[in-house]
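Asks: Below you'll find the structure I mean.
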Amino acid sequence: MKLFPYGHATHPQWQMAAGLVLAQLRARLATPGYADSPTLALLYITDHYATDAQEILDHLSAELPDITDWSGTVGVGIAANNVEYFDEPALAVMLCELPHDQYRVFSGVSPLPPASSGLFKAHTALVHADAATPDVAELIDEMAQRTESGYVFGGLASSRSRAVQFALSGHGNVKGQGAAGGVFSGGLSGVAFARDPSGAMALMSRVTQGCRPISAEHEITACDANVVTGLDGQPALDVMLADLGVSLEQPREALAKVRMTLVGLSPSLDRLSDARVRYAGQFGADVLVRHLIGLDPARKGIAIAEVPTPGMKLAFCERNAEAARADLVRVCAEIREELEPQEATREVVSALNAPDAESAPHAARRIAGAIYVSCSGRGGPHFGAPSAELQIVRRALGDVPLVGFFAGGEIARNHLYGYTGVLTVFTAGD
């Protein structure tokens, strides 16, 4: 297995940032242990560069002519190994060495065919989406159904200007996009990955939550559209006020507490397939965090930013940095533990336990590269310091090639999440 070359930089002028990134990529392409014949590039830019997206893609693809396929999007922040570029002009690129028949770039004008079509059997997919697209959650679910695994990962573009996506394939354009230059707005785009029949490369993905439950889990017993009117057979508003320890008789205190409260939704546990691993004081990966958007005193209901169904579970929650940090460390540790061989060679032990000065990305870790998509509400100060979230990933997962972005909503499985992080790694087989 060879490591994926990557580069990242910030500069007020995108041409300078691109030059710095290209210098890093070329240095790593010439470094033993890194892939020297990559085919697919993942490109993430902050929204400072959104209006220059086409020029950036044209420049990079011209400077890297052997890269035939490009995918990516924009965020209010982007991520790289051990660093976050939040609210500053920056870009990051990772070059993936994958056989052409094991992936396919798709977009709205060149959609991913269903798994049953026989044209391309997608096992999973990296998905970038525009939050302004109507019924985007349903489109994500439909995209997951086009894969064999039913699992997709990625996030919604986040931008204070243009919400652009990159999708470029072959010698110029994705088939069907006509004269388009590979930069899109609206809809979904990304890269679908086939299962590697040789087992030489695989994908592993985990969801890390950013909220802490502050109540017991309740069953939704009555609802009307997005208004939950019954929890455990009791008026939902009464249950919420009791859980939060507030009363409408003191509206100022009650409103302040409600504004800090979110809800975590999960499917009914009646089915055996819904069994989940529980961690004390933390949500499982199946929980979808949604905002409280209103109260309905007449029906004693609570309005949430989701349309639930009776039988679903609901717990009140709040954003919590300590819970987010602990869960992020946990998912990184799970990935490392799963990848570490039962009988480690001296090379593996040295690579996994090297001090910081010697812990450069190493093939013995069996991770060629990683993609991290985090909520824009988690980046920056939420973890206590600049780049703190990505530093946690590096300390827990190890020093690996990594790029990603801070999204307006995170995609994992067939769901759209909020306040989460989605970590996906390209892993080497045995």
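The values are calculated or read from the model by the stated rules, or taken from the named source; none is laboratory data. Not measured: the values here are computed from a predicted model. Positions of Cβ are generated from backbone atoms using ideal geometry, with glycine treated the same way; all protein chains shown enter the neighbour counts. Note: accessible area is taken over every heavy atom of the protein model, side chains too, but ligands, DNA and RNA are not part of it. Shrake-Rupley method; radii C 1.70, N 1.55, O 1.52, S 1.80 Å.
Matching residues to (1) over 30 Å from Leu126 (Cα atoms); (2) in contact with a Cys (Cβ under 9 Å, 6 or more places away or on another chain); (3) open to solvent by less than 50 Å² (accessible area, probe 1.4 Å):
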position: Asp196; (1), (2), (3): no, no, yes
position: Ala200; (1), (2), (3): no, no, no
position: Asp224; (1), (2), (3): yes, no, no
position: Val227; (1), (2), (3): yes, no, yes
position: Gly245; (1), (2), (3): yes, no, no
position: Pro251; (1), (2), (3): yes, no, no
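Asks: Please specify each residue of segment 384-430 satisfying the condition of being outside any strand (DSSP E or B) and under 23 Å from Met201 (Cβ atoms).
Replies: Val393, Arg394, Ala396, Leu397, Gly398, Asp399, Val400, Pro401, Gly429, Asp430
Asks: Would you say Met94 is surrounded by fewer than 23 Cβ atoms within 10 Å (Cβ to Cβ), touching a residue at least 40 places away in the same chain (Cβ under 8 Å) and within 29 Å of Arg195 (Cα to Cα)?
Replies: It is false that Met94 is surrounded by fewer than 23 Cβ atoms within 10 Å (Cβ to Cβ), touching a residue at least 40 places away in the same chain (Cβ under 8 Å) and within 29 Å of Arg195 (Cα to Cα).
Asks: Can you tell me which residue within segment 393-404, out of those that are open to solvent by less than 10 Å² (accessible area, probe 1.4 Å) and of a type in the set (A, V, I, L, M, F, W, C), is nearest to the chain's Cα centre (by Cα)?
Replies: Once the filter is applied, the top-ranked residue is Val403.
Asks: Separate question: Among the listed residues Gly409, Gly421, Gly384, identify the single one that is farther than 21 Å from Ser149 by Cα and either aliphatic (A, V, I, L, M) or under 13 Å from the mean Cα position of the chain (by Cα) (or both).
Replies: Gly409
Asks: Next up: What are the residues in segment 9-31 that are open to solvent by 40 Å² or more (accessible area, probe 1.4 Å) and of a type in the set (Gly, Ala, Ser), if any?
Replies: Once the filter is applied, which keeps residues that are open to solvent by 40 Å² or more (accessible area, probe 1.4 Å) and of a type in the set (Gly, Ala, Ser), segment 9-31 yields Ala23, Ala27, Ala30.
Asks: Which residues, counting only those in segment 95-139, are within 25 Å of Ser61 (Cα to Cα) and of a type in the set (Val, Ile, Thr)?
Replies: Residues satisfying the conditions are Val105, Val109, Val127.
Asks: Here are some residues: Tyr34, Tyr6. Which one is farther than 28 Å from Asp130 by Cβ, open to solvent by less than 50 Å² (accessible area, probe 1.4 Å) and among the aromatic types (Phe, Trp, Tyr)?
Replies: So the residue among Tyr34, Tyr6 that is farther than 28 Å from Asp130 by Cβ, open to solvent by less than 50 Å² (accessible area, probe 1.4 Å) and among the aromatic types (Phe, Trp, Tyr) is Tyr34.
Asks: Still on this structure: Only one residue in Asp66, Asp87 is more than 21 Å from Val425 (Cβ to Cβ), touching a residue at least 24 places away in the same chain (Cβ under 8 Å), touching a Pro at 6+ places or on another chain (Cβ under 8 Å) and open to solvent by 60 Å² or more (accessible area, probe 1.4 Å). Which one?
Replies: Answer to the selection: Asp66.
Asks: So which residues in segment 37-57 are farther than 22 Å from Ala370 by Cα and open to solvent by less than 10 Å² (accessible area, probe 1.4 Å)?
Replies: If the condition is that a residue be farther than 22 Å from Ala370 by Cα and open to solvent by less than 10 Å² (accessible area, probe 1.4 Å), then Tyr49, Ala50, Ala53, Ile56 are the ones that fit.
Asks: Val152 versus (1) open to solvent by 30 Å² or more (accessible area, probe 1.4 Å); (2) touching a helix residue (DSSP H, G or I) at 6+ places or on another chain (Cβ under 7 Å); (3) at pLDDT 95 or above: which is the lone unmet condition?
Replies: So the condition that Val152 fails would be (1).
Asks: Looking for whichever is in a loop (DSSP other than H, G, I, E, B), surrounded by 15 or more Cβ atoms within 10 Å (Cβ to Cβ) and modelled with pLDDT of 90 or more here; the options are Arg290, Arg299, Arg325. Which one fits?
Replies: Arg299
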